[in-house]
Amino acid sequence: MASSGVRNGVGPRMSAKPDRQGFSATPKTAAGKQRLSSAAGGAYRRTSSGPLPSRAASDGVSSRVRVAVRLRPRNAEELAADADFGDCVELQPELKRLKLRKNNWELETYEFDEVLTEFSSQKRVYEVVAKPVVESVMEGYNGTVMAYGQTGTGKTFTLGRLGEEDTAARGIMVRAMEDILADITPGTDSVSVSYLQLYMEMIQDLLDPVNDNIAIVEDPRTGDVSLPGATVVEVRDQKSFVDLLRVGEAHRVAANTKLNTESSRSHAILMVNVRRSVKGRTEMDVSISGENGHSSSMMGSLRPPIVRKSKLVVVDLAGSERIDKSGSEGHTLEEAKSINLSLSALGKCINALAESSPHVPVRDSKLTRLLKDSFGGTARTSLVVTIGPSPRHRGETTSTIMFGQRAMKVENMVKLKEEFDYKSLCRRLDIELDKLIAENERQKKYFDDEVERIRADAQRRIAEAERECKITLENEKMKYHQEYLDSIRIMEEKWKVHQQSPKKQNKEAESTSNNTGEVHNLLQNEKMLRQSAEDEASDLKNQISHWKKLEATATAEVVKLRKMLDAEASQKEKLEEEIDVLRSQLLQMSMEADETRRSLDKGDGPGKIFPGLDSLVSQTRGSQPREQSNGPKQPIAKLFEQVGLKKILSLLESEEPDVRVHAVKVVANLAAEEANQEKIVEAGGLTSLLTLLRSSEDETIRRVAAGAIANLAMNETNQDLIMDQGGVTLLSMTASDAEDPQTLRMVAGAIANLCGNDKLQTRLRGEGGIKALLGMVRCGHPDVLAQVARGIANFAKCESRAATQGNKVGKSLLIDDGSLPWIVKNANNEAAPIRRHIELALCHLAQHEVNSKDIINEGALWELVRISRDCSREDIRKLAYRTVTSSPTLQAEIRRLGIKL
Ligand code: ADP
Ligand code: MG
């Protein structure tokens, strides 16, 4: 496929790897997401995007499903049948990358949490995939380990090997139990297991096979899933566990023989329940410190122990290959659907979770109900996807890899914690409010008492002062009145005496004048007394006004206190309103949760619960096709259906250069799909592409068109058509004109495909195909050289096939066209794809005796000898050795030179 096509949305799936922590026991949120884009032929273009927004869980325990990929070594059959072909995958374990070969010149790169090569030991696989999960199960979390992949790729090998003869071969189940038993405390802790099989939506007890329709029970309160009908066996030692696994496996085989099924169609599920008592903490401690932040020593005597229950689920999934819906295994269509149901439901759930879709169809199958906690739930989950190396199963391998990639986007553990947080917040506020209310009441009472006291005090003092004042005034008044009366009386008496004795008149007159002085004095005295009484009265008046002032201050204080009380009351009202809002939010949330639970229990789907969300989902579905097995191809396929091929092809001749470029990219993308190729050729697409190659001035158009032709040239019928329409001449012209390595790579790829057709050899060479191929090495780009080498290997292989079929053939046309010097020069090229093709080409050329002389003269014999000794690929090494030893001419030369093979 043309590289520009790749960048226009139909290219390989991008891989995403959120972090490089590996399978760590310490949970981390995903961060630092990197996108890797791969173009054809292993040339990468990198673009970087910002870090993935991390979803923080309230208690910090958020963990992504971690995914490892494991490659099975070639088996005997593959070693024999695929000897000439490379593996369909290439692993780079140190970069945690896997490259998937899409076809001869295209690789796609994917990143995983762990990449396990065919040489990885069982111990290492356990340690990176399962050990962190087992460790967190021992800490009280639930955990899941699962294997997914095509039948025969090593799921059971990875999970279920007992390893009784060879300890190193033990699988994950046995090793996990060993670690669990080593960690528990006998007496207080316990471990029990159930072993089940899920087939055609029926759960069968592998420890008691008569029990073959076990129900799944969900706790409506916690949502926990359990299988009360399954046999539970307490495990005390490793031997009894291995015995249980053996019994279970035997029952599985027997049950499948009886049902006439293969075990590859059923899921095997091992459930390990761990119950541990936690020392040093009690339920009382938890509840006390949880409620108000400090513990009470009074409660010390009430100390019930805490037990932590956790569960490890190990699932050996059914083979992921599609089963033939026509019923080739003797199943009816209904049975076939039912067999696939659980696995396809799992895929749908993972898609929904990976896309953060609001609806996850957990209830669609028994498997997804059982694994509810493992994806998007609260369990720690590791998935190992297993693949084989054979290019014949490229389709299944691709879909397994895509499943793993999607699972990597699933995050576990969020919802539960949020719910808890709201409740505790509300509880805290309730406590706070109660405290405030009590305090408020207490203060109010205190203020009222104080005001009352001050008022009473002031009134009492005023009354006292008034009374005192009155008494004093009265007394003074009485005193002066008495004095006044006394002095009047004295004056009257004196007056009488004066009247009675006139003799004494003079004397008395004298004394009268004396008396007058006395009276004067008295009056003076009286005046002073009155003055002091008045002073005292004004003093008292002052005191009274002082008391009045005091009373006014007290009243002001009372007013102030009233105001404070009012402020307190309004504050309280506000808090109560806030609490009401929170309560109603909580109520709404719990109603929603109840309703969700109820309707899930009833199984009537989400439509009625979240009508809004549901319509959103359907909108999203409308714009973004689901069920995508190979994601990005869908929009193009849709375009194809909607616009129609004829219309797209007619756009290739548009006047608008932009339209032409887009149209050719669309056609190139379509041509990459084998299913479209025939339709494109029938509709005249090949002719249009060749015309573009001939007439277009635009480099991009020529590059993309050449890529599309290269894809069409994969098919034999199209190869004939390309030849008939002068395609080789056009490709040769492009080869000699173009400068851009990517254009040259496309052209070389197209010619290399034509080189693999036995019937076209002479014509291809006659029209300059080989010369054009050799001419392109001038560019020196390794991707171009790899395509040239592939073309040469294809051509040489056809020639040697013709020779072995007894056709009379002369000297190799490749040699005639002068390819040998380049072959010799690059036979030891450091790029593996170039080297491997050339090694094969040399072997094929040397198999034909007429070529021997040239091989010797050009120095190719040395390369063949080197290949037969040093090649890292055993099959090629052997082929070179056989070739050299079976040719009399080469043998003679070897003897002459005294070379030892
Ligand atoms: P699955 O369970 O996926 O169908 P199996 O575990 O039964 O596949 O493996 C199929 C065959 O391949 C078995 O013979 C198994 O021994 C072999 N095999 C699988 N994985 C490996 C491996 N990593 N190394 C060696 N042999 C393997
Ligand atoms: Mg198996």
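Yes/no matrix, rows are residues, columns are (1) among the hydrophobic types (A, V, I, L, M, F, W, C); (2) in the same structural domain as R252 (by the TED database); (3) within 14 Å of ligand 1 (Cβ to nearest atom); (4) not in a loop (DSSP other than H, G, I, E, B):
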| residue | (1), (2), (3), (4) |
| --- | --- |
| V115 | yes, yes, yes, yes |
| E118 | no, yes, yes, no |
| Y126 | no, yes, yes, yes |
| S192 | no, yes, no, yes |
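At pLDDT 90 or above, under 30 Å from N711 (Cβ atoms) and among the aromatic types (F, W, Y) - does that describe any residue in the range 106-113? First the steps, then the outcome.
We begin by selecting, within the range 106-113, every residue at pLDDT 90 or above; these are 108-113.
Imposing the further condition that a residue be under 30 Å from N711 (Cβ atoms) reduces the set to 108-112.
The next check asks that each one be among the aromatic types (F, W, Y); those that pass are 110, 112.
Looking for residues that are at pLDDT 90 or above, under 30 Å from N711 (Cβ atoms) and among the aromatic types (F, W, Y), one finds at least one in the range 106-113, hence yes.
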Quiz item: Of these, T378, T386, which one is in the same structural domain as E135 (by the TED database) and within 16 Å of ligand 1 (Cβ to nearest atom)?
Solution: T386
Quiz item: In the range 104-144, which residues are out of contact with any Lys or Arg (no Cβ under 9 Å at 6 or more places or on another chain) and among the polar types (S, T, N, Q)?
Solution: S121
Quiz prompt | Residue ID - nearest to ligand 2 (Cβ to nearest atom), chosen from residues in the range 140-166 that are assigned to a strand (DSSP E or B) and out of contact with any Asp or Glu (no Cβ under 7 Å at 6 or more places or on another chain) | solution = G149
Quiz item: List, please: which pairs have Cβ atoms under 8 Å, are six or more places apart or on different chains, and start with a residue in the range 400-418 that is in a strand (DSSP E or B) and end with one that is small (G, A, S) and modelled with pLDDT of 95 or more?
Solution: none
Quiz prompt | Restricting the range 93-113 to residues that are in a strand (DSSP E or B) and of a type outside the set (D, E, K, R), the residue that is farthest from ligand 1 (Cβ to nearest atom) | solution = N103
Quiz prompt | Among the candidates V145, V174, residue that is more than 30 Å from R392 (Cβ to Cβ), surrounded by 15 or more Cβ atoms within 10 Å (Cβ to Cβ), more than 8 Å from ligand 1 (Cβ to nearest atom) and in contact (Cβ under 8 Å) with a residue 40 or more places away in the chain | solution = V174
Quiz item: Could we say that A169 is hydrophobic (A, V, I, L, M, F, W, C), surrounded by fewer than 18 Cβ atoms within 10 Å (Cβ to Cβ), within 16 Å of ligand 2 (Cβ to nearest atom) and more than 27 Å from the chain's Cα centre (by Cα) here?
Solution: yes
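Considering each of L198, L207 in turn, give the residue that is within 21 Å of G143 (Cα to Cα), surrounded by 17 or more Cβ atoms within 10 Å (Cβ to Cβ) and either at pLDDT below 90 or under 36 Å from the mean Cα position of the chain (by Cα) (or both). Full working, then the answer.
Working: L207 fails: within 21 Å of G143 (Cα to Cα).
Testing whether each residue is within 21 Å of G143 (Cα to Cα), surrounded by 17 or more Cβ atoms within 10 Å (Cβ to Cβ) and either at pLDDT below 90 or under 36 Å from the mean Cα position of the chain (by Cα) (or both) leaves just L198.
So, S342, is that one hydroxyl-bearing (S, T, Y) and at pLDDT below 90 or not? Give the derivation first.
On the way: hydroxyl-bearing (S, T, Y): yes; at pLDDT below 90: no.
In short, no.
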Quiz item: Can you name the residue in the range 128-139 that is over 24 Å from L367 (Cα atoms) and in a helix (DSSP H, G or I) and is also nearest to ligand 1 (Cβ to nearest atom) among such residues?
Solution: V128
Exercise. Give the range 357-399 a look and list any residue that's touching a strand residue (DSSP E or B) at 6+ places or on another chain (Cβ under 9 Å) and within 15 Å of R101 (Cβ to Cβ), or say none.
Key: I387, G388, P389, P391, H393, R394, E396, T397, T398
Practice problem: Of the conditions (1) touching a Gly at 6+ places or on another chain (Cβ under 7 Å); (2) away from ligand 1 (no atom under 16 Å from the Cβ), E234 clears all except one; give me its number. | Solution: (1)
Practice problem: Inspect all residues belonging to the range 71-92 and state whether any of them is surrounded by 14 or more Cβ atoms within 10 Å (Cβ to Cβ), assigned to a helix (DSSP H, G or I) and away from ligand 1 (no atom under 15 Å from the Cβ). | Solution: no
Quiz prompt | Residue within the range 200-209 that is more than 16 Å from ligand 1 (Cβ to nearest atom), over 25 Å from N412 (Cα atoms), in contact with a Ser or Thr (Cβ under 8 Å, 6 or more places away or on another chain) and assigned to a strand (DSSP E or B) present | solution = yes
Quiz prompt | Candidate set: the range 215-238, residues that are closer than 17 Å to V193 by Cβ and not hydrophobic (A, V, I, L, M, F, W, C); chosen: the one nearest to the chain's Cα centre (by Cα) | solution = S226
Exercise. Considering only the range 149-166, state which residues are touching a helix residue (DSSP H, G or I) at 6+ places or on another chain (Cβ under 7 Å) and within 9 Å of ligand 1 (Cβ to nearest atom).
Key: G149, Q150, T151, T158, L159, G160, R161
Quiz prompt | Exclusive hit being closer than 27 Å to A802 by Cβ and at pLDDT below 90, set T729, T700, T717 | solution = T717
Practice problem: Search the range 152-167 for residues that are assigned by the TED database to the domain that holds D243 and within 21 Å of R74 (Cα to Cα) and pair each with any residue that is within 12 Å of ligand 1 (Cβ to nearest atom) and of a type in the set (D, E) when their beta-carbon atoms are under 8 Å apart and the residues are at least 6 apart or on different chains. | Solution: K155/D316; T156/D316; L159/D316; G160/E249; G160/D316
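The values are calculated or read from the model by the stated rules, or taken from the named source; none is laboratory data. The structure presented is a predicted model; accordingly, all values stated were derived computationally and were not measured. For neighbour counting, all protein chains shown are included, and Cβ atoms are generated from backbone atoms with ideal geometry for every residue, glycine included.
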